[in-house]
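Take a look at the structure below.
Derivation of every value follows stated rules applied to the coordinates shown; laboratory data play no part. Quick caveat: nothing in here was measured; it's all calculated off a predicted structure. Glycine also receives a Cβ, built like all others from the backbone with ideal geometry; neighbour counts cover every protein chain displayed.
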């Protein structure tokens, strides 16, 4: 679905970095280096980026009842 606004574990805001992270990883930069440069150092926050799957495009075609 959508990227959570804050890390589930520590509460640090993470959604503000989503667009830059996705853009840089799509260009071929290693995810580890991107997260380091963005200042995402805690493993709980890194998990939010690495495990996130964008499903909104797959869910939108279905009607809402």
Which of the residues belonging to region 35-59 are touching a residue at least 12 places away in the same chain (Cβ under 8 Å) and in contact with a helix residue (DSSP H, G or I) (Cβ under 7 Å, 6 or more places away or on another chain)?
35, 38, 40, 49, 50
Would you say residue 5 is out of contact with any strand residue (DSSP E or B) (no Cβ under 6 Å at 6 or more places or on another chain) and surrounded by fewer than 14 Cβ atoms within 10 Å (Cβ to Cβ)?
yes
Please specify each residue of region 8-36 satisfying the condition of being out of contact with any strand residue (DSSP E or B) (no Cβ under 8 Å at 6 or more places or on another chain) and surrounded by 13 or more Cβ atoms within 10 Å (Cβ to Cβ).
17, 18, 21, 22, 24, 25, 29, 31, 34, 35
Those residues that are in a loop (DSSP other than H, G, I, E, B), within 12 Å of the chain's Cα centre (by Cα) and under 13 Å from residue 3 (Cα atoms), I need them from region 14-57; list them, please.
14, 51, 52, 53, 54
